[in-house]
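The values are calculated or read from the model by the stated rules, or taken from the named source; none is laboratory data. None of these values were measured; they are calculated from a predicted model. Cβ sites come from the backbone with ideal geometry, for glycine too, and all protein chains shown count toward neighbours.
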Amino acid sequence: EAKQALYLQRLRYGAERITPERALGWATRGSAKLLGRHDIGELAVGKQADLALFRLDELRFSGSHDPLSALLLCGADRADRVMVGGQWRVIDGQVEGLDLPQLIARHREAAGALIAG
């Protein structure tokens, strides 16, 4: 959503006025403010400990000189680590506690049942 907001607002106001930093502010502090939430929107003592960490050493990020621009403009679609409420939920790109092969098998079974009718 931050990427789309960045692109749309750049069409109207220009790239020099609509920076990745501004879009990140909309996505974090701005969203929290709109929701009337004071416990989210920034990394600070007493706030919710939610964050996502991305690796930027992949080829698609190699041309960017700025990490924030790379995240918003170069397709950062999969976090390496995600913390929600102070608990790690994704580590090394894998959801903690999720049996992925079992989930895939259940999904195939459900899809097959839909097709069979």
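Can you find a residue that is of a type outside the set (S, T, N, Q) and either over 20 Å from Glu1 (Cβ atoms) or not assigned by TED's automatic domain parsing to the domain that holds Glu1 (or both) anywhere in region 24-39?
Filtering region 24-39 for residues of a type outside the set (S, T, N, Q) gives 24-27, 29-30, 32-39.
Filter once more, keeping what is either over 20 Å from Glu1 (Cβ atoms) or not assigned by TED's automatic domain parsing to the domain that holds Glu1 (or both): 38-39.
Within region 24-39 (the criterion being of a type outside the set (S, T, N, Q) and either over 20 Å from Glu1 (Cβ atoms) or not assigned by TED's automatic domain parsing to the domain that holds Glu1 (or both)), the answer is yes, since at least one residue qualifies.
Taking the condition of a type in the set (S, T, N, Q) and at pLDDT below 90, does Ser69 pass? Spell out how you get there, then give the answer.
Details: of a type in the set (S, T, N, Q): yes; at pLDDT below 90: no.
So Ser69 fails the test.
Residue by residue through region 1-29, note down the ones that are in a loop (DSSP other than H, G, I, E, B) and more than 21 Å from Leu43 (Cβ to Cβ).
Gly14, Ala15, Glu16, Arg17, Ile18
Quick check: anything in region 50-71 assigned to a loop (DSSP other than H, G, I, E, B), of a type in the set (Lys, Arg) and either closer than 23 Å to Arg10 by Cα or not assigned by TED's automatic domain parsing to the domain that holds Pro20 (or both)?
Yes; the residues of region 50-71 include at least one that is assigned to a loop (DSSP other than H, G, I, E, B), of a type in the set (Lys, Arg) and either closer than 23 Å to Arg10 by Cα or not assigned by TED's automatic domain parsing to the domain that holds Pro20 (or both).
Regarding Ala32, is this residue surrounded by 11 or more Cβ atoms within 10 Å (Cβ to Cβ) and not in a helix (DSSP H, G or I)? Give the steps one after another, and end with the answer.
Values: surrounded by 11 or more Cβ atoms within 10 Å (Cβ to Cβ): yes; not in a helix (DSSP H, G or I): no.
Criteria not met by Ala32.
Name the pairs whose Cβ atoms lie under 7 Å apart, with the first residue in region 49-70 and farther than 19 Å from Val90 by Cβ and touching a residue at least 40 places away in the same chain (Cβ under 8 Å), the second surrounded by 13 or more Cβ atoms within 10 Å (Cβ to Cβ) and not basic (Lys, Arg), and 6 or more positions between them or separate chains?
Leu68/Pro20; Leu68/Leu24; Ser69/Pro20
Name the residues in region 48-69 that are acidic (Asp, Glu) and exposed (fewer than 10 other Cβ atoms within 10 Å of the Cβ), would you?
Step one: of region 48-69, the residues acidic (Asp, Glu) are 50, 57-58, 66.
Answer for region 48-69, where residues must be acidic (Asp, Glu) and exposed (fewer than 10 other Cβ atoms within 10 Å of the Cβ): just Asp57.
Only residues that are closer than 17 Å to Leu6 by Cβ, of a type in the set (Gly, Ala, Ser) and under 12 Å from the mean Cα position of the chain (by Cα): list them for region 55-86, please.
Gly75, Ala76
What's the number of the only condition in (1) among the basic types (Lys, Arg); (2) free of Cβ contacts under 8 Å to residues at least 24 places away in the same chain; (3) part of a helix (DSSP H, G or I) that Arg37 fails to meet?
(3)
Quick one: which of Ala79, Ala111 is surrounded by 10 or more Cβ atoms within 10 Å (Cβ to Cβ) and part of a helix (DSSP H, G or I)?
Details: Ala79 fails: part of a helix (DSSP H, G or I).
Sole residue among the options that is surrounded by 10 or more Cβ atoms within 10 Å (Cβ to Cβ) and part of a helix (DSSP H, G or I): Ala111.
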